[in-house]
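Since every read-out is calculated from the coordinates, none of them should be taken as a lab result. Note that this is a predicted model, so its numbers are computed, not measured. Neighbour counts run over all protein chains shown; Cβ positions are idealised from the backbone, glycine included.
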Amino acid sequence: MSATAERGRGGALPRAADAPDEHAFAARDVMFALALFGLSLTVRAAVVLAFDVEPTWDGAFYHRGALSIAQGHGYADPSAVQPERWPWSHYPVGYSALLGAVYAVFGAGHQIAPLVNAVVGALTAVVGFLFAFDLLGRSRACAAGLLLGLHPGLILYCTLVMTEPLAGFLLLLTGYLGWKLGHLRRGALLCGVVLALSTFVRPQSLLAAPLLLALFRGPWLRRLSQLALTGVMSACLLAPWTLRNCLVLDGCTLVSTNGGWNLAISALSETGRFRPLTPEDGCHGIDGPVAQDRCWAQVGAAAIRRDPEQWLSRIPLKLSHTYNHESFAIAYLAEARPGTWDEQQKWRLMNVMTAFHHVLMGVALLGTVGRFWRRDTLPPHARWCQLAIVLGLLLFVPYALTLPGRPLFWIGVVIPVIGLLRLPGSPPLSPGFIYLFGLLAITSLTHIVFFGDDRYHLAISPALCLLAAAALRAPARREMPTAA
């Protein structure tokens, strides 16, 4: 892509000092992408084979739903037995549908679903490399790809029968396709296909649709028409499943029937994270999945209206559970094989993975900081502004480590805020970065409303990796002093 074209999309040159061929895709880059896929897949497959565990927690439901699909019974109640299988839609169908298709071909052994996750994880690393190549140039794209390929949390999470690796891949792919092809009608339609697939896996993925306006090119009217095409395509693909729900359930629901449950959990949980709901919480004797979900939505909304201050006071707890640690994979594996994990071993590995996640968030925050140490690059006020962000991070980390709960989660929360503020000396805010910042902001907003858990940040860990690769870039051209 030419410098002129890039300036037209992002408002400034992304890297003034890049070598001329940094953004010219060549044969060596194809070889790197293939090697990256092979490395990422090999590491993940090795870990999957080392941790052969039965699906547990939510993974057991995804697995049993996939079995039902593979056996030709459709998405039926995983707890029911033949011949009385009841149509089911509590969890989104997308991940179970993918696994069901694979199970139908390769069988449903314990390692099949994790190996599917391994392939998805390797593809995520490649898409991240390609996306970063256009955003950052070759060197930083290689760093982003390797971060994604070797991210310990993403590698270990492949062993779980959970949706986050697939959700993260589809969100990243949606952004990349919007960046590369959004100026074409077929590109907008393709974005709609991938966005619909992502919605089938995680319905809140629909919240990313407005972010595509930043990626589509041209006047705003054209961008809006492209987004309309994306929306129509997504709606056409979602409609048959919604119609199915209307026909076979006790009411209509777009994809799944767990939104009301999650709102009730958020409103009733004192910790800000998951807690089981019981009939005594307010929905005793309600039959039918849609009726139950609507009842729980009413219970949650009523609890929030009754004491909104208490609900708001739990926001830091929810965000803490979402960003402050990376322990879900270890807890899942320990639950699946309790006899093979002692507490000390569990906590040691949790601490290592959490430490990596904290460092990644910190470096991703530096993705909002422009290179400030060269006097000929920035005027003094801009240099001091960027330096203040770095000093703020360096002072906050040791201070947070002395506080109860070690609230480092605020780093993840403020990344999109600082990135979108456009402080003096900031690096270029190209459309791709608006999309990445938007994904982080949507995640925070979602778990302000609903409950938090560290598994939910895994879906936006690819965005963190790309932002980390962008750390301390050249500032936007408009910040550079002009010659007298």
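Over what distance in Å are the Cα centres of region 265-289 and region 168-231 separated?
Spelled out, the Cα-based centre of one part sits 35 Å from the other.
Could you tell me whether region 293-342 comes out rounded, prolate or oblate from its Cα gyration tensor? Rule is a ≥ b ≥ c as square roots of the eigenvalues, rounded for a/c under 1.5, then prolate if a/b exceeds b/c, otherwise oblate.
Note, shape of region 293-342 comes out oblate.
What is the projected area of the convex hull of the Cα atoms of region 347-417, averaged over all directions, in nm²?
With the hull built on Cα positions only, its mean projection is 5.5 nm².
P(r) for the chain, please, calculated from all Cα pair distances in 20 Å bins and given in %.
Reading the bins upward from 0: 22, 57, 20, 1, 0.
Across all directions of projection, what mean area in square nanometres is found for the Cα convex hull of region 24-114?
8.0
Calculate the spin-label point distance for residue 180 paired with residue 310, positioning each point 7 Å from the Cα along the beta-carbon direction, and give it in nanometres.
5.1
Based solely on C-alpha atoms, express the radius of gyration and the Dmax of region 321-374 in angstrom.
Gyration radius and largest Cα-Cα distance of region 321-374: 15.9, 56 Å.
How would 402, 242, 377 line up from fewest to most surrounding beta-carbon atoms within 10 angstrom?
If I rank by nearby Cβ atoms, fewest first, I get 402, 242, 377.
For region 22-248, what does the alpha-carbon gyration tensor say about shape, rounded, prolate or oblate, given a ≥ b ≥ c as the root eigenvalues, a/c under 1.5 as rounded, and a/b over b/c as prolate?
Oblate shape, in that a/c is at least 1.5 and b/c is the bigger or equal ratio.
Every cysteine in the chain with no other Cys Cβ under 4.7 Å from its Cβ, please list them in numeric order.
Cysteines of the chain left without a disulfide-compatible partner: 142, 158, 191, 236, 385, 465.
Are there trypsin sites (Lys or Arg not before Pro) in region 386-484 that DSSP puts in a loop and that have at most 16 other Cβ atoms within 10 Å, and which ones?
Hits after loop and neighbour filter: 422.
Could you tell me which helices of the chain pass both thresholds, a Cα extent of 20 Å or more along their own axis and a mean Kyte-Doolittle hydropathy of at least 1.6, with helices taken as whole DSSP H runs?
Counting only whole DSSP H runs, the qualifying helices are 27-50, 112-136, 431-449.
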